[in-house]
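Peer 1: Below you will find the structure I want to go over with you.
The values are calculated or read from the model by the stated rules, or taken from the named source; none is laboratory data. Computed from a predicted structure; not experimentally measured. Using ideal geometry, Cβ is built from the backbone for each residue, glycine included, and neighbour counts are taken over all protein chains shown. Just the protein is used for accessible areas: all its heavy atoms, side chains included, with ligands, DNA and RNA removed. Shrake-Rupley method; radii C 1.70, N 1.55, O 1.52, S 1.80 Å.
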Amino acid sequence: MYKDSPLGRLRLPVICSPMFLVSGPDLVIAQCKAGVIGSFPALNAREADGEPPQLDAWLKRITEELDAHNQANPDRPAAPFAVNQIVHRSNDRVERDVEICARWKVPIWITSMGAREDVNQAAHSCDGIVLHDVINNRFARKAIDKGADGLIAVCAGAGGHAGGLSPFALVQEIREWFNGPLALSGSIATGRSVLGAQAMGADFAYIGSPFIATSEAVAAESYKQMIVDSGADDILYTSYFSGVNANYLKPSVRAVGLDPDNLTGEGNKLNLSTGDVRPKAWRDIWGSGQGIGAVHAVTTTADYVDRLDREYRAAKEALCA
Ligand SMILES: Cc1cc2nc3c(=O)[nH]c(=O)nc-3n(C[C@H](O)[C@H](O)[C@H](O)COP(=O)(O)O)c2cc1C
């Protein structure tokens, strides 16, 4: 499927989702070498005032390492990579980052928090394709009207700013009118679930949280271990920390002195070790989707993708038997 597109060169129908403060070049390179699409948010490439854009350096490294891998391994080439642009007006870097990505001919562009025609045109100007992430069918139509090539249905239980809709509901509504590339996200963590996403009508599984517990992720060791130790019951869906609903690890909320089951009380604020200032989402309060019950150890990205591949093929065989 999608043979002539960057989406066609995958070992498994998996796109690894971009994660703020978690995905960097090491993770992306490992994901792509393992045969699945790796990605990172452009905003993760930070730089001090007056310094050259770190995004430029990251794209140079990723491009060169994947090219070298492809030359050395023509029989198992790397999957292409994606860069995520937060196109919300609060992102004052977006024009500059778009220009850098176009210059490096980024093959896949993931846009979130608003759809913009100029960003889609910039991606198309360098033969890139745009996947836009949406939480409902109305935003999905809007994104395609504005020129996105494909969609990511971000459903209940996803890490980050998850939607509230069931994946069954959203995928079937989108598939009533859209035949193009569609990825599904929300708690997918096993090869069996990747096949399940396809059975429901999606082309790709979009997986984030399990990759936090990999050696290549830029996350504190205690964050990785919390992913291993937690399950769906340990996830809190709240707008308390950023103003937008998102899924977080309850133990990380407790770790800053707050009660995840009672966040509105004044007592919570008084208990904060940082005074009455709320801790920062993502930096202090750690994000995760509900699917992490399937993560039992911190592993390399290659080992985790091998596991997904084994499970996916076994599930396919079992269904066809
Ligand atoms: C810690 C964390 C940070 C995230 N940051 C971003 C981001 O910067 N941009 C974005 O589009 N999505 C972000 N997401 C959402 C993911 O891209 C994706 O939709 C989600 O991880 C999929 O659900 P899963 O974690 O259950 O696999 C983030 C998710 C997590 C867990």
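Peer 1: Mind grabbing the accessible area of Leu21 for me, 1.4 Å probe, Å², rounded to tens?
Peer 2: For Leu21, the solvent-accessible surface is approximately 60 Å².
Peer 1: Please list Asp4, Asp56 in order of solvent-accessible area, largest first, computed with a 1.4 Å probe with all protein chains present.
Peer 2: On the way: Asp4 160, Asp56 45 Å².
These residues rank, largest area first, as Asp4, Asp56.
Peer 1: Then there is this: If you average the C-alpha positions of segment 157-227 and of segment 303-321 separately, how far apart do those two centres end up, in angstrom?
Peer 2: So the separation of the two Cα centres works out to 17 Å.
Peer 1: Per residue, how much accessible area does the chain have with a 1.4 Å probe, in Å²? If you can, show how the numbers build up before the last one.
Peer 2: On the way: 14490 Å² over 321 residues.
Value for the chain: 45 Å² per residue.
Peer 1: Right, another one. So what are segment 117-265's ellipsoid semi-axes, whole angstrom, largest first, if each one is the square root of 5 times an eigenvalue of the alpha-carbon gyration tensor?
Peer 2: Values: eigenvalues 179, 59, 54 Å².
Ellipsoid semi-axes (Å, largest first): 30, 17, 17.
Peer 1: Given points 7 Å out from each Cα along the Cα-Cβ axis, report the Arg96 to Cys320 separation in nanometres with one decimal.
Peer 2: With each label point 7 Å from Cα toward Cβ, the separation is 5.1 nm.
Peer 1: Continuing with this model, one more query. Connecting C-alpha atoms closer than 10 Å in a GNM of the chain, tell me which of Asn84, Asn247, Asn262 has the biggest fluctuation.
Peer 2: Most flexible of the set in this elastic network: Asn262.
Peer 1: OK, next. Between Ser222 and Ala57, how many nm apart are label points set 7 Å from Cα along the C-beta direction?
Peer 2: Calculated label separation equals 2.8 nm.
Peer 1: Here's a follow-up. What are the radius of gyration and Dmax of the chain, computed over its Cα atoms and given in Å?
Peer 2: Cα radius of gyration and Dmax of the chain are 19.1, 61 Å respectively.
Peer 1: If you take every residue apart from Gly150 with its C-beta less than 12 Å away from the C-beta of Gly150, what net charge results, scoring Lys and Arg +1 and Asp and Glu -1?
Peer 2: Numbers: positive: none; negative: Asp133, Asp149, Asp203.
Within the 12 Å Cβ shell, the charges total -3.
Peer 1: Anyone know which of Gly114, Gly231, Gly243 comes out most mobile in the 10 Å Cα GNM of the chain?
Peer 2: Largest GNM mean-square fluctuation: Gly243.
Peer 1: Return the FRET efficiency for the residue pair Arg254, Ser215: r is the Cβ-Cβ distance, R0 is 22 Å, and the value is rounded to the nearest 0.05. Kindly include the intermediate steps, with their values, before the conclusion.
Peer 2: Working: r = 26 Å, r/R0 = 1.18.
Efficiency computed from Cβ-Cβ geometry: 0.25.
Peer 1: Right, here's the next one. Where in segment 2-25 does the label zone of Ala72 land, with the point 7 angstrom along Cα→C-beta and an amide N cut-off under 19 Å?
Peer 2: Within reach of a label on Ala72, which here means backbone N under 19 Å from a point 7 Å along Cα→Cβ, segment 2-25 contributes 25.
Peer 1: In whole percent, and with a 1.4 Å probe on the protein chains, what portion of the accessible area of the chain is carbon and sulfur?
Peer 2: Values: 7340 of 14490 Å².
Roughly 51 percent, rounded to a whole number.
Peer 1: Which whole-number percent gives the relative contact order of the chain, counting Cα pairs below 8 Å spaced six or more residues apart?
Peer 2: Numbers: 650 pairs, mean separation 52.5, N = 321.
The value is 16 percent.
Peer 1: Got a sec? What order do His132, His161 fall in by accessible area at 1.4 Å, biggest, i.e. largest, first?
Peer 2: Numbers: His132 10, His161 70 Å².
Result of the area sort, largest leading: His161, His132.
Peer 1: Next question, about the same structure. Taking the square root of 5 times each eigenvalue of the Cα gyration tensor, what semi-axes in Å does the equivalent ellipsoid of segment 47-174 have, largest first? Write down the numbers at each step before the final one.
Peer 2: On the way: eigenvalues 150, 76, 39 Å².
With the √(5λ) rule applied to segment 47-174, the semi-axes are 27, 20, 14 Å.
Peer 1: Which value at 222 nm does the chain reach when only helices count, each DSSP H run of 4 or more adding -39,500 (n - 2.57), with the total divided by all residues and rounded to the nearest 500 deg cm²/dmol? Intermediate values should be presented prior to the final figure.
Peer 2: On the way: 11 runs with 116 residues, N = 321.
Calculated mean residue ellipticity at 222 nm is -11000 deg cm²/dmol.
Peer 1: Within the set Lys105/Lys224; Lys250/Lys316; Lys33/Lys316; Lys60/Lys146, which residue pairs have Cα atoms separated by over 27 Å?
Peer 2: Details: Lys105/Lys224 32 Å; Lys250/Lys316 35 Å; Lys33/Lys316 23 Å; Lys60/Lys146 30 Å.
Distance filter (> 27 Å) returns Lys105/Lys224; Lys250/Lys316; Lys60/Lys146.
Peer 1: Return the long-range amide H neighbours of Ala246 (sequence gap of 5 or more, or a different chain), with a cut-off of under 5 Å between placed amide H atoms.
Peer 2: Thr238, Ser239
Peer 1: Say a paramagnetic label sat at a point 7 Å from the Cα of Asp127, along Cα to Cβ; which residues of segment 66-83 have their backbone N under 18 Å from it?
Peer 2: 66-68, 70-71, 77-83
Peer 1: I would also like to ask the following. If I model a spin label as a point 7 Å beyond the Cα along the Cα-Cβ vector, how far apart are those points for Ala302 and Phe168 in nm?
Peer 2: Placing both labels 7 Å along Cα→Cβ, they lie 4.0 nm apart.
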